[in-house]
Amino acid sequence: MSKVENLDPALRFLVALSAKIATLGILAKRFSSSIAVDQKNDVEDPTDHAALASEQHVASILAAETVASSSAWLGRVCRHHGVDILALPDDVQPGPFANDVDPASHFDIAFELVLASIGLTEAPQGATTGSVDSEKKGKEKERKEAMVYSALDRTLVVRTASGLGVSLKTVEDAEKSIAQFLYFQLSEEEGGPKADGGSNGWDEAAQEEKEKAAKKGKMLKWAATGAGFVLGGVAIGLTGGLAAPALAPFLVGGLGIAAFSGAGGAILIGTLLGLGGGGLAGYRAHSRLKGLEELAFEQLKKPDVPSIPSLTATICCSGFLLDLEDSVSPWRPSFEKSNLDTFALKVDTATFLSAGRSLDKYLRNKVLQMGGQEILKTTALSALYAGVALPLAIFSGASTVLDSDFSRCRDKARKAGILLAEILEKKVQGSRPVILVGYGPGATIIFEALLELHRRELGSLVYIAILISLPSSPNAVKWASARSVVSNRLVNCHSTNDWVLAIAARLYTLSASVAGMQPVSAEGVENVDCSDLVTGHLELRGKITEILERVKAQGSV
């Protein structure tokens, strides 16, 4: 059983109150309240009445689903904490609740919120809400229906916790504790969850990846790597060569989570954590996907250290490449040592490598020789029309040399975005929140994925999306569509000094209003100015950590 009954009744009521406040504000800044059809900031694809009507129709569906899911989540939290939802005031306002909460209880608050969100425990005695019929269902069926931790769930957990003065770091520690227990429980089952025969797009690579992981899990001794786990918010190192599965009984008692047993429990855990069929690391695109020669994921993890799945998955997309390692290496400093499962998406690396090297060669041999001084002297680079202010000769030369490479990149990025949305829809990543981060054409992949998720009316998969130097000019409707499927934050990182992006954008779009070069005026979209960090597009590879620190990606996910 959960330890929630050990919390003071007044604190449990306060948690439920904060949860209701989070629920009532869940639609704010996510769904655009007004979009005018004359907001045409994209020449190649202007906003029209049909597109606006379509966006508003899908947005209304997503908003209704968000309200229903949020209400169900609030019900679970109230039942779990033994609070009658009808006892909560109707006109509740945010208050200084943090002053009424003992910091010593912060971890317990976060832990119980995550437990209630996933549905790992039953409601305590004294709960007076919830239908009788649902409570009579079998325990295993309840878990099967509830063993999901959606992007919306996490948003509500984080906002509820924040209202009580509980830090995001504490929420992450609670998530890590629960994920570790589930992984250890899964390790006890013989063979773990079985693949479903590849119906979700997995091939032989999935089975190979799964067998490799299974062998590593059996042989690895945790003490040798200095790995540890979190209990009660405290990191505990493992000593004496204790293997992971042996910890499960201890964690069951220490964390108050009911143990799972049998193949059914293993399947539930594997589905939640994205371990079925090899997960993202074992995913390979089939040849039926026209226009893409390669699409794969590489997990970012420290070598020889056991990788315990997290309750959140992060997918990173690089842009132009200068070498094959650029698909992965820019993200390692930020994510390799984090507690989050992080995967680098590789899409037709030969195409993006060719475009990156062509751009690099052009800049070295043409721009810096013929127009470099003129570029450096101009003061227009920090102005709104930086993309237009560059010498016309430079654009003309760039168009001749780079147009073919850039066109292929744009086409590949759009197709990869649609495929990424399909992968997320199939929940290859698991039934857990996803964070998407990308720069340059990689940001295009993410943006196209968001638009495709909107078209498919899927609004509970993406927790945060961060677009760095997006080389396109989305109109108001597209921004609204993208924002509607991101549960927490949609961030546009821009630099007015990225004059290389100006060249790229002129080959991508006819518009001077490039998102990666200036803030965008779209409801719910956060703009982060990185002009002092990014003075050249190709240097983005080495600036990812600084940019993400500014966005506070690791501190807000």
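The values are calculated or read from the model by the stated rules, or taken from the named source; none is laboratory data. Because the structure is predicted, anything quoted here is derived from the model rather than measured. Note: ideal-geometry Cβ built from the backbone for every residue, glycine included; neighbour counts use all protein chains shown. Accessible surface areas use protein heavy atoms only, side chains included; no ligands, DNA or RNA. Shrake-Rupley method; radii C 1.70, N 1.55, O 1.52, S 1.80 Å.
Descriptive notes on the structure:
- Whole-Hz couplings from phi, Karplus 6.51/-1.76/1.60, listed for the stretch 523-535; x for Gly and Pro: 4, x, 9, 8, 9, 10, 7, 10, 4, 6, 9, 10, 10
- FRET efficiency estimate (nearest 0.05) - Cβ-Cβ, E526 to A72, R0 30 angstrom: 0.60
- Per-residue packing, averaged as other Cβ atoms within 10 Å, sorts the ranges 172-183, 523-534, 455-466 into the order 172-183, 455-466, 523-534, beginning with the highest.
- Separation of the alpha carbons by more than 24 angstrom is noted, of K169/K302; K337/K552; K337/K361; K3/K169, for K337/K361.
- Estimated from the Cβ-Cβ distance and a Förster radius of 45 angstrom, the FRET efficiency linking E539 and L27 is about 0.70.
- Gain in span if fully extended, R456 to E65, counting 0.36 nm per residue against the direct Cα distance: 139.4 nm
- Computed on protein heavy atoms with a 1.4 Å probe, the accessible areas place E448, E293, E55 in the order E293, E448, E55, largest first.
- Fully extending the segment from S162 to N6 would add 54.0 nm, taking 0.36 nm per residue of separation and subtracting the current Cα-Cα distance.
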